[in-house]
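The values are calculated or read from the model by the stated rules, or taken from the named source; none is laboratory data. The shown structure was predicted, so the numbers you read here are calculated from the model rather than taken from an experiment. Here Cβ is always computed from backbone atoms with ideal geometry, including for glycine, and neighbour counts include all displayed protein chains. Note: areas computed on protein heavy atoms with side chains; ligands, DNA, RNA excluded. Shrake-Rupley method; radii C 1.70, N 1.55, O 1.52, S 1.80 Å.
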2 protein chains.
Amino acid sequence: MEAVKAELNKTPRSLSKQARRKQLIEATIKCIADKGLSGTTMADVTQQAGLSLGIVNLHFQSKEKLLIETLSYISDEYTSGLNEIFNDDKLTPEQKILAHINFDFSRKIIDRNKLAVWFAFWGETKSRPTYLSICASYISEIANNLTHLFAVLKQQGGYSTVNPDLVCTCYTALSDGLWLDLLITPKGLKPAQAQAVAMHYLATQFPNHFKSQTGH
Amino acid sequence: MEAVKAELNKTPRSLSKQARRKQLIEATIKCIADKGLSGTTMADVTQQAGLSLGIVNLHFQSKEKLLIETLSYISDEYTSGLNEIFNDDKLTPEQKILAHINFDFSRKIIDRNKLAVWFAFWGETKSRPTYLSICASYISEIANNLTHLFAVLKQQGGYSTVNPDLVCTCYTALSDGLWLDLLITPKGLKPAQAQAVAMHYLATQFPNHFKSQTGH
DNA sequence: CAACTGAATGAATAACCATTCATTTTTACT
DNA sequence: AGTAAAAATGAATGGTTATTCATTCAGTTG
């Protein structure tokens, strides 16, 4: 990972295949944010990357594959960040949930370019089975982990009326909806406020563990 | 409205301009759902409508204007439905909120073709100021009305700790996120379940007025 | 019913865009 | 340094698509 980043200083030709692909994917993210999925052309992407027109076909075979890899890229970034939290044995369930929220609204994830990419692909899932299956797999993986955390907290904290499945569905939807707010009304809602809204909901379910700010 | 519908029985040439535009917009919705925003061509739309290729330019001047009218169409349908509820003097605030939820997850709104259109446009708002401004205006109109209802219910119901702005932001985001669930995991979540999730949240804020189903 | 009006058609056009591949440039290896 | 292999280039290609507009057609009017 760091090795890949260091390579960016070398002359273009010396970049590894992996780093070149990453460079092109990041150019794609920028283009989708700037011009929309429908307005992004191969010329746009390669120009954004500062490379020649044919380079995408060389590394990805086709535009369609580049787009699929771009969706996979942001999905992997998101799920791997969450998995690090889930698998961290030093954290209690409560701390894991807290870390999850922090991650959901962190600078790395709440980047309006990436948010635009998420929504661009979500908007095409109905017509593109490949996009749908990529989304479906990360969604169910995260839901399983999160539901489990809520179930443990319910048990340990004596929250007898909490329904972990319901809370997972509600929290996940809330988080996605707040992402939309952050994408569409950038001047209206700041990431920290969005995070406070999410906390406010969790505080309704686990009042002994999470506190809602009194914010107004 | 009914007059327009009745016209659909007439021969093609006798349809009013208004009805023809509606016909083309509905064909556009179907195409965006079936082929995505980027995959929708003029040939697709006109064929879906059973009309000839040049008809869109005749009625909308350009593809771009057709798309803008399509976004306006679903926005208007949504906001006018909500405004009917807000402006119905026979309903109490509590009943209005209930009607709002019912509407958000009604068959008319939760049509996967239309959901696909919402997300398709949301994904392009960052790059298309026109789309953004259409979205921004209906969002703020609805938020004002909804916040007001929550404020009245807070007052009347003695919910001293409720923050109407926060509840409005949270409910709206939750609703949008549930729409995403309904779009992406159609077999996983039914509209009635999504509505129950939204109710579950409102029950946390206004427990004397709304009850969460015990659902499992 | 003949002349008129405007809606609708779809072949033709012109612009756009993904992909190819012959050529050039760089790197690795001896 | 010399050579082979790999990476990158970008002009050319071919397919696609939005838009135009001369023509056709249906409905209306006097």
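Numerical summary
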read-out: Neighbourhood charge, 14 Å Cβ-Cβ cut-off, centred on residue A:86 and excluding it, Lys, Arg +1 and Asp, Glu -1; value: -4
read-out: Shape call, the protein assembly as shown: gyration tensor on alpha carbons, a/c limit 1.5; value: oblate
read-out: Among A:110, A:194, B:157 - extreme Cα towards positive end, dipole of the protein assembly as shown, charges at beta-carbon; value: A:110
read-out: Among A:137, A:160, A:16: highest mean-square fluctuation, GNM of chain A, C-alpha pairs under 10 Å; value: A:160
read-out: Residue among A:69, A:141, A:94 with the largest mean-square fluctuation in a Gaussian network model of chain A, springs linking Cα atoms under 10 Å; value: A:141
read-out: Zone residues, the range B:94-125, relative to residue B:148, backbone N less than 15 Å from point 7 Å out along Cα-to-Cβ; value: B:94, B:96-97
read-out: Charge context of residue B:209, other residues only, Cβ under 13 angstrom, K/R +1, D/E -1; value: +2
read-out: Nearby aspartates and glutamates by direct alpha-carbon distance to residue A:211 (threshold 17 angstrom, same-chain neighbours under 8 apart not counted); value: A:94
read-out: Isotropic mean projected area of the C-alpha convex hull, the range B:63-216 (nm²); value: 9.7
read-out: Given A:126/A:187; A:35/A:65; A:63/B:65; A:22/A:65; B:22/B:108, the pairs whose alpha carbons are separated by over 21 Å; value: A:126/A:187; A:63/B:65
read-out: Solvent-accessible area of residue B:199 with every protein chain in place, 1.4 Å probe, in Å² to the nearest 10; value: 30
read-out: Interface size A-B, as summed buried accessible area [1.4 Å probe, Å², nearest 100]; value: 3600
read-out: Within-13-Å neighbourhood charge of residue B:196 [Cβ basis; K, R +1; D, E -1]; value: -1
read-out: Other protein chain Cβ atoms within 10 Å, averaged over every residue that makes up A:157-165; value: 1
read-out: Peptides ranked, highest mean first, by Cβ atoms within 10 Å: ranges A:122-129, B:173-180; value: B:173-180, A:122-129
read-out: Of B:98, B:58, B:202, the one that fluctuates the most in a GNM where chain B has Cα springs shorter than 10 Å; value: B:58
read-out: Residue-normalised accessible area of the protein assembly as shown, expressed per residue, 1.4 Å probe, Å²; value: 47
read-out: For A:113-124, mean number of other protein chain Cβ atoms within 10 Å; value: 6
read-out: Per-residue HN-Hα couplings for the range A:101-111 [Karplus 6.51, -1.76, 1.60; θ = phi - 60°; Hz; x = Gly/Pro]; value: 4, 4, 5, 4, 10, 7, 4, 5, 8, 8, 10
read-out: Debye equation applied to the C-alpha atoms of the range A:60-119, log10 I(q)/I(0) at 0.18, 0.21, 0.30 Å⁻¹; value: -0.69, -0.83, -1.20
read-out: Peptide-level mean, for A:125-138, of C-beta atoms on other protein chains within 10 Å; value: 4
read-out: Value of relative contact order over the range A:68-216, rounded to a whole percent, pairs C-alpha under 8 Å and six or more apart; value: 25
read-out: Dipole of the range B:1-153, positive direction: furthest Cα of B:28, B:95, B:53, with charges on the beta-carbon; value: B:53
read-out: Förster radius 56 Å - calculated FRET efficiency between residue A:90 and residue B:57 (Cβ-Cβ, nearest 0.05); value: 0.30
read-out: Separation of alpha-carbon centers, the range A:115-156 and the range B:37-97, rounded to whole Å; value: 29
read-out: Cα-centre dipole for the protein assembly as shown with unit charges at Cβ (Lys and Arg positive, Asp and Glu negative), debye to 20; value: 920
